[in-house]
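Engineer: Quick one: structure below, then a few questions.
Nothing in this text is a laboratory measurement; each read-out follows from the coordinates by a stated rule. Source: prediction; values computed, not measured. Virtual Cβ from ideal backbone geometry, glycine too; neighbours counted across all protein chains shown.
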Amino acid sequence: MLQLNSDDDDDVLTYRADKKVKHCRIIREDRLFTIGSATFESLNELVEYYKKNPLFRKMKLRYPVTKQLLIQYGGVTDIYAV
């Protein structure tokens with residue numbers, strides 16, 4: 001799940017790994033999106049990259065996470081409250 005924040009320059013990629021909901025901050029600078037040392041020109045490019053390359057340990061993105069799944073697995077639905 002991508003959670004976009006229009007108030008500042010950071011967005012969040014929420015995913016499930018090791019039976020836990022995890023959050024990864026995406027830093028927006030102008031038209032670029034950065035996670036760690038990897039930079040992308042679009043969110044689509046970022047998601048497609050992590051479908052083929054590990055995001056966390058050996059975990060790759062496989063399918064979208066909905067808010068209902070976050071609630072079901074006990075995740076935080078408002079990631080900016082963390």
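Engineer: Quick one: length gained pulling HIS23 to LYS60 fully straight, 0.36 nm per residue minus the C-alpha distance?
Structural biologist: Full extension from HIS23 to LYS60 adds 11.9 nm.
Engineer: Note the full-extension length gain between THR34 and LYS67 as 0.36 nm times their separation in residues minus their Cα-Cα distance, in nm to one decimal.
Structural biologist: Result: 9.5 nm gained on full extension.
Engineer: With each pseudo-label sitting 7 Å past Cα toward Cβ, what's the SER42-ASP10 distance in nm, one decimal?
Structural biologist: 2.7 nm
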